[in-house]
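**Student:** For reference, the structure I am asking about is given below.
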Amino acid sequence: MTDMLPLVVVHGGAGHVPKERSENSAMGVCSATQAAYRILQDGGSSMDAVVEAVTRLENNPFFNAGCGSVLNVKGDVEMDAIVMDGRTLASGAVSAVRNIANPVQLARLVMDKTSHACLTAEGASQFARSMGVVEVPQESLITEYARMRWRNNLEPSANPVECQMGKMGTVGAVAVDAEGNVACATSTGGMLNKMEGRVGDTPCIGSGGYADNLSGAVSTTGYGEDIMKVTLARLVLFHMEQGQSAEAASDVSLAYMKSRVGGLGGVVTVDPRGNWAACFSSRQMSWAAAQGGTLHHGLYAGEHFTQNIQEHLLS
C-alpha cells in the first residue's frame, strides 16, 4: 500500500495533436507531472498537487488552457476551470473568465474563500480582483497558433467532433496523497470558434471532474457538449462504485459516451488505494503518471512508456 501512494496522473487533452507539436505536448505533461509528484513526496496534499500540475499546463502555450487557449468567434479568450476535494466534496469553479493567467488557481479560491461552487464572467473577475489576483492583458494569453486556427476555423470537410475536440485539448490532473485523499483539477480555453459566453463541461461538477474519497477522482477531456450529456466524470466513478477497476470503469464510460451520443474524449482516473488509468477514445491524448518513483507516459492508444523519474529529469 505504501508503494502505491502518493500518485498523480495528468492529461494534456484528447483529440489530435499535430506531429510538430506532439513532442512538446508530451514533454509538457511529463514536466507538470513531475512537479506535482514532488509536492506529494514532500507531504503536500492532493489538491496542492493537481493545482500545481494544471497551473504549469496553463502556463505552457502548447495546451488549450491559460496561455494558448483557443479563441471564441470574436477572437477573444474565455476560459473555464474546476477543482474538487475528495475528502470534503468541496468544489470551486470559474467559467468564461478573461484576463486571468491561471483560472485553476482562481477556481481554488472560489472553493476556499466563498460559499459558492462557481463564479462566471465579470463576477469571477470582480472576485479575482478582491482576492488580489493580478489581471493580465488578453494578448498575453493568445498565441500565434491559436490566432491562425481561429482564422482558418474548420475545413468544411472536417469531422466537427474531431476538430472541435481540438488539436490541443483541455488539461487536467487527479492525485492521491500519502493520506489517501483524492482531488481533481481541470482547465480549458474551450471550443475553437465557440459562441461568446459558451461554457462547456469543464466547470460543471460531475462532467469536467469529480473527486470523492469513497470512490476516486476523474478529470475529463473531449467535446464538452457530449461529456455533459453523460456526466462523464461521475459516470466513471459510478462504475467504480459497482466494483469495476479504474481502467475498466474509464473504458466502459467512454464507450457509452461514444455509442449513446457519438462523443469522443478521454479521462484520467485514480482510486484512493493508488490504482489509476489514462484512457481515451480519441486519436490521441498526451498523459503522464508518477507513482513509486516511476514516470509513466504516452500519447497514442497502446503507448505506455516508463522510466525512473530521476533519469527523466536528467534526460
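Just so it is clear, none of the values below were taken in a lab; they were calculated from the coordinates. Keep in mind the model is a prediction, meaning the values are calculated, not measured. FYI the Cβ positions are ideal-geometry reconstructions off the backbone, even for glycines, and counts take in every protein chain you see.
**Student:** Give the lysines reachable from Lys74 as a straight Cα distance under 22 Å; neighbours fewer than 8 places away on the same chain don't count.
**Tutor:** The reachable lysines, counting only those whose Cα sits under 22 Å from Lys74, are Lys167, Lys194.
**Student:** Let me check against my output: what whole-number percent is the relative contact order of region 200-302, with C-alpha pairs under 8 Å and at least 6 apart? The partial results should precede the final answer.
**Tutor:** Details: 194 pairs, mean separation 23.2, N = 103.
Dividing the mean separation by the residue count of region 200-302 yields 23 percent.
**Student:** Hey, what did region 50-116 get for relative contact order, percent, Cα under 8 Å, at least 6 apart?
**Tutor:** Values: 108 pairs, mean separation 17.9, N = 67.
Once normalised by length, the contact order is 27 percent.
**Student:** To continue, here is another question. Identify all aspartates and glutamates with a Cα-Cα distance to Lys19 below 19 Å; exclude those on the same chain that are fewer than 8 residues away in sequence.
**Tutor:** Within the straight-line limit of under 19 Å, Lys19 reaches these aspartates and glutamates: Glu144, Glu155, Glu162, Glu303.
**Student:** Could you name the aspartates and glutamates whose alpha carbon sits less than 15 Å from that of Lys229, not counting residues in the same chain fewer than 8 places away?
**Tutor:** Asp201
**Student:** Most exposed first by the Cβ proxy, i.e. fewest other Cβ within 10 Å, how do Tyr223, Tyr210 rank? Let's see the in-between values first.
**Tutor:** Values: Tyr223 27, Tyr210 31.
If I rank by nearby Cβ atoms, fewest first, I get Tyr223, Tyr210.
**Student:** So what does the Cα-only Debye profile of the chain read at q = 0.06 Å⁻¹, as log10 I(q)/I(0), no solvent term?
**Tutor:** At q = 0.06 Å⁻¹ the computed log10 ratios are -0.16.
**Student:** I need the shape label for region 195-249. Rule: rounded when a/c is under 1.5, else prolate if a/b > b/c, else oblate, with a, b, c from the alpha carbon gyration tensor. Write out the running numbers ahead of the final one.
**Tutor:** Working: a/c = 3.14, a/b = 2.25, b/c = 1.40.
Prolate shape, in that a/c is at least 1.5 and a/b is the bigger ratio.
**Student:** Put one equal scatterer on each alpha carbon of region 1-153, apply the Debye formula with no solvent term, and list log10 I(q)/I(0) at q = 0.12, 0.17, 0.20 1/Å to two decimals.
**Tutor:** With one equal scatterer per Cα and no solvent, log10 I(q)/I(0) is -0.54, -1.03, -1.29.
**Student:** Once you have the Cα-Cα distance between Gln244 and Glu139, take 0.36 nm times their residue separation minus that, and quote the gain in nm to one decimal. Mind dumping the intermediate values first?
**Tutor:** Details: separation 105, 0.36 × 105 = 37.80 nm, distance 4.55 nm.
Between Gln244 and Glu139, full extension yields an extra 33.3 nm.
**Student:** What's the Kirkwood radius of region 64-110 in Å, using all Cα pairs?
**Tutor:** Details: mean 1/r = 0.0891 Å⁻¹.
For region 64-110, inverting the mean 1/r across all distinct Cα pairs yields 11.2 Å.
**Student:** In addition: Starting from the Kirkwood Rh over alpha-carbon pairs, what translational D in µm² s⁻¹ does region 187-315 have by Stokes-Einstein at 37 °C and 0.692 mPa s? All intermediate terms of the calculation are to be shown ahead of the outcome.
**Tutor:** On the way: Rh = 15.2 Å.
Calculated translational D: 216 µm²/s.
**Student:** Can you give the extra length, in nm with one decimal, that the chain gains between Ser130 and Leu89 once fully stretched, where that is 0.36 nm per residue apart less the Cα-Cα distance?
**Tutor:** 12.3 nm
**Student:** Can I ask one more? Where nothing but the Cβ of Lys and Arg (+1) and of Asp and Glu (-1) is charged, how large is the charge dipole of the chain around its Cα centre, in debye to the nearest 20?
**Tutor:** Details: 22 positive and 31 negative charges, 129 e Å.
Rounded to the nearest 20 debye, it is 620 debye.
**Student:** Give me the percent relative contact order of the chain, please, defined on Cα pairs under 8 angstrom at least 6 residues apart. Show your work: numbers first, answer last.
**Tutor:** Working: 885 pairs, mean separation 79.4, N = 315.
Relative contact order comes out at 25 percent.
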